[in-house]
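Encoded as structure tokens, the structure appears first; notes follow it.
The values are calculated or read from the model by the stated rules, or taken from the named source; none is laboratory data. Quantities reported herein were computed from a predicted structural model and do not represent experimental measurements. Neighbour counts run over all protein chains shown; Cβ positions are idealised from the backbone, glycine included. We work out accessible area using only protein heavy atoms, side chains counted, and drop any ligands, DNA or RNA first. Shrake-Rupley method; radii C 1.70, N 1.55, O 1.52, S 1.80 Å.
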Amino acid sequence: MASKVEQQIFTCIENHESFILDAGAGSGKTWILVQTLNYIIETKSNKLKNTNQQIVCITYTNIAKDEIIERTEHNELIRVSTIHDFLWDCIKYYQKELKIKLIEVIEEKLSKEQGKLDGYTARAVKSREKSEQKISKYQDAIENLNTQKIKINYENYSKYSEGKFSHDELIIIAEKIFSSYPKIRKITKDAYPIILVDEYQDTQKETVEILLNYLLGSENFIVGFFGDKLQQIYDTGIGEIPNTYNLKLIKKTENFRSSNEVIQLLNKLRTDIQQYQPEKNKRVGSIAFYYMDNPDDFNVKNFLKNNLQEKWSVASIDDIKILYLTHRYIAKENQYEELLEHYNKANKRDCLIDNENNRTFCKYADFLYDLESLMDLFVTNKIQQFLKKTFYKVDSFKAKKKLYDFMQELLVIKNTNNIDKIIEFAISNNLLPKSEQMKNYDFEDEEKKEFYEKLMEIEYSQFMRLYKVQQDNTSFSTKHNTKGDEFKHALVIIDDNAWKQKYNFNDYFSSNNKNEDRFKRTNNLFYVVSSRAKNNLAVVCVSTLSDDAKFKVKEWFGKENYYENN
């Protein structure tokens, strides 16, 4: 029997009414999404088949995509896709229009660069040279596109003169296409009458606007958003969908994950959704807040042994999930600070540590992840998967033996060599191919050249340790790693000294929201990490809190659960 929330969504489907499902942490949002897809199949499959239509389910990552495909049993009427793949499939056949809009994008970049050049003084020689190079490149690309027959393609890298554009430009070009060509809008809506968006809060604002500004409004078209505005963790996400679109708002208030103690804390962090513990959830647990005020004296392992191991009755401190809220601390604990700092300085950190979609922005990071994955498959003896992933041709026993020897050598040399040697070994022995983006890397750009040269000098073992953290093979995580995860026992460590101006817990606990965006980010962060706990949650603050902040903490956690300098 369908739940009340499911029935509300099913009614929206029948009435062709677009909607938002706001589902608090642990409420089973993905289950509801899958139930919605199954309902549509059960009630509308014949109509969809007869009209050659599909339901679209847009996911944020390929991992989520694979999970939903599995849970809907690979039904051919459901098209599960990331937003970039979906948008490209909608527009890729309109080559004439794509060329027009790509030229528009390049002309906008050209105009911006010319504005920069006009502002440089005669002494800014390097900056002027760099701008002049870009201007020349843009002008050549526009001339090529205008005078030659070139197919426009979405790739992992941009090469405008050959009609290739990347992740960055796809959303911009798609918006230009949908805003300019009503016929393309109609064809898209006719092919996909129902579009469901998973984790809407982390979906780019521009993407949501494409769906709502250019596709919504047709009588037989429905868009449904599934997520929770308080669980926005990516800065590029829209967060909350404006109520100007008049979408039906549906709320899910059960929490199947956490103990009642954790749920009551979560209810104090938000006012829009008040959760309760359903009968199916029998968990009991505890919450606690520790104020240390001296990060130099704080040792996480000693803290766990002295304060939580016995209290939570855990056999080993390894059974407690440690949620450091900054990558800097985890990098320090796991000895890959130099690698992380290198990506930080180049503003490419997300390529290194966020979801797999962002890795396409730096093919060297993407290559290293693929290489570590290949070694994992080899070491764990997953031979069939290993042979599918490697590009080494195994057509004889001799070739098989040679491949085995290469992998054994790689496993040895990766511990003592820099990144350049490991990449060179993998490519020269055909273990993995050199990507097009790597082949076309712009070494004429001085900044890119410096980034590449420094990256190649870093010890490969740093990336090995980062990979281990990203694959969650340690007890440490950040908010991005933990999204959607749950842990029986969770320790959250907060430190206002660690994230410059992005978050501020002292202001947050003090109810100081003068910096509204920062206050909201901090609230979302605290909600996400606190909601990961199934039974027990402890928060440790190692930076200074004001009296007002401590008062609020005691109010939320209870005076009996507040400990200072323990």
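Using every alpha carbon pair in the stretch 140-186, what percent of pairs falls into each 5 Å bin from 0 up to the bin containing the largest distance?
Bins of 5 Å from zero give 5, 21, 22, 22, 21, 8, 1 percent of pairs.
Identify the trypsin sites (Lys or Arg not before Pro) of the stretch 108-156 meeting these criteria: DSSP loop state and at most 10 other C-beta atoms within 10 Å of the C-beta.
Answer in residue order: Arg123, Lys149.
Please say if the stretch 485-566 is rounded, prolate or oblate, where rounded means a/c under 1.5 for a ≥ b ≥ c the square roots of the C-alpha gyration tensor eigenvalues, and otherwise the choice is prolate for a/b larger than b/c and oblate otherwise?
Cα axes put the stretch 485-566 in the oblate bin.
Please give the calculated 222 nm ellipticity per residue for the chain, where each DSSP H segment of at least 4 residues contributes -39500 (n - 2.57) and the sum is spread over every residue; nearest 500 deg cm²/dmol?
The helix-only estimate for the chain comes to -15000 deg cm²/dmol at 222 nm.
Which is farthest toward the positive dipole end of the chain among Gly163, Ser373, Asn50, measuring Cα position about the Cα centre, with Cβ charges +1 (Lys, Arg) and -1 (Asp, Glu)?
Positive-most Cα among the choices belongs to Asn50.
Run the dipole for the stretch 484-566 about the Cα centre, Lys and Arg Cβ at +1, Asp and Glu Cβ at -1, nothing else charged, and hand back the magnitude in debye, nearest 20.
My answer is approximately 180 debye.
Amide H neighbours of Asn515 under 5 Å, at least 5 residues apart or on other chains, H built in the peptide plane: list them.
none
Which sequence of Val284, Val56 reflects their accessible areas, 1.4 Å probe, from the largest down?
Val284, Val56
First measure r as the distance between the Cβ atoms of Glu108 and Phe391, then evaluate 1/(1 + (r/R0)^6) with R0 = 35 Å and state the FRET efficiency to the nearest 0.05.
The value I calculate is 0.35.
In the calculated pair distance distribution of the stretch 95-199, what percentage of Cα-Cα distances lie above 24 Å?
38
Compute log10 of I(q)/I(0) for the stretch 138-248 with the Debye formula, placing one identical point scatterer on every Cα and leaving out solvent, at q = 0.16, 0.18 Å⁻¹, to two decimals.
Each listed q maps to, in turn, -0.86, -0.99.
Once you charge only the Cβ atoms, +1 for Lys and Arg and -1 for Asp and Glu, what is the size of the charge dipole of the chain about its Cα centre, to the nearest 20 debye?
Once rounded to the nearest 20, the dipole reads 880 debye.
Pull up the cross-link candidates among the lysines for Lys205, meaning alpha carbon to alpha carbon under 18 Å and not fewer than 8 places away within one chain.
Straight-line reach from Lys205, under 18 Å: Lys176, Lys229, Lys520.
Send over a whole-number figure in Å² for the accessible area per residue of the chain, probe 1.4 Å.
49
Under 20 Å from the 7 Å Cα→Cβ point of Lys92, by amide nitrogen: which residues of the stretch 21-57?
53-57
Dipole magnitude of the stretch 368-407 about its Cα centre, charges +1 at Lys/Arg Cβ and -1 at Asp/Glu Cβ only, in debye to the nearest 20?
With only Lys, Arg, Asp and Glu charged at Cβ, the dipole is about 280 debye.
How large is the convex hull of the C-alpha atoms of the chain per residue, in Å³?
Output value, Cα hull per residue: 200 Å³.
With the dipole of the chain worked out from charges on the C-beta (+1 for Lys and Arg, -1 for Asp and Glu) around the Cα centre, which of Tyr562, Thr11, Gly217 lies farthest toward the positive end?
Thr11
Could you pull out every Cys in the chain that lacks a partner Cys with its beta carbon under 4.7 Å away?
For the chain, the answer is Cys12, Cys57, Cys90, Cys541, because their Cβ atoms have no other cysteine Cβ under 4.7 Å.
Find which of Gln201, Ser179, Ile150 sits farthest along the positive direction of the dipole of the stretch 149-213, computed with +1 on the beta-carbon of Lys and Arg, -1 on that of Asp and Glu, about the Cα centre.
With unit charges placed on the Cβ atoms, the residue in question is Ile150.
Work out, step by step, the length gained on full extension between Thr271 and Lys559: first 0.36 nm times the residue separation, then minus their alpha carbon distance; give nm to one decimal.
Length difference between fully extended and current span is 101.5 nm.
Using a probe of 1.4 angstrom, how much of the accessible area of the stretch 1-145 is carbon and sulfur, in percent?
Carbon and sulfur atoms account for 46 percent of the accessible area of the stretch 1-145.
Holding the Cα-Cα limit at 31 Å, pick out from Lys448/Lys514; Lys92/Lys393; Lys149/Lys439; Lys4/Lys554; Lys421/Lys468; Lys134/Lys363 the pairs that are longer than that.
Lys448/Lys514; Lys92/Lys393; Lys4/Lys554
Counting other Cβ atoms within 10 Å, which trypsin sites (Lys or Arg not before Pro) in the stretch 252-281 have at most 11 and lie in a DSSP loop?
Lys280
Take each of the peptides 157-170, 433-446, average the number of other beta-carbon atoms within 10 Å over its residues, and list them starting from the highest.
Going from most to least packed, we get 157-170, 433-446.
Given H placed 1.01 Å from N in the peptide plane, which residues other than close sequence neighbours of Arg79 have an amide H under 5 Å from its amide H?
Residues meeting the amide H criterion: Ile55, Val56, Cys57.
Using modelled backbone amide H atoms (1.01 Å from N, in-plane), which distant-in-sequence or interchain residues come within less than 5 Å of Asn153's amide H?
Lys164, Phe165
For Asn144, project a label point 7 Å along Cα to C-beta. Then give me every residue of the stretch 444-470 with its amide nitrogen under 18 Å of that point.
Those under the cut-off are 444-445.
Could you work out the relative contact order of the chain, using alpha carbon pairs under 8 angstrom and six or more residues apart, expressed as a whole percent?
In percent, rounded to a whole number, it is 18.
Given a Förster distance of 41 Å, report the FRET efficiency between Ile413 and Thr121 from their Cβ-Cβ distance, rounded to the nearest 0.05.
According to the calculation, E is roughly 0.25.
Based on DSSP, what percent of beta bridges with both residues in the chain are antiparallel, to the nearest 5?
Counting DSSP beta bridges with both partners in the chain, the antiparallel share is about 5 percent.
Loop only by DSSP, 16 or fewer other Cβ within 10 Å of the Cβ. Give me the chymotrypsin sites (Phe, Trp or Tyr not before Pro) in the stretch 104-156 that pass, ordered by residue number.
Taking the stretch 104-156 and a limit of 16 other Cβ atoms within 10 Å, the loop chymotrypsin sites (Phe, Trp or Tyr not before Pro) found are Tyr120.
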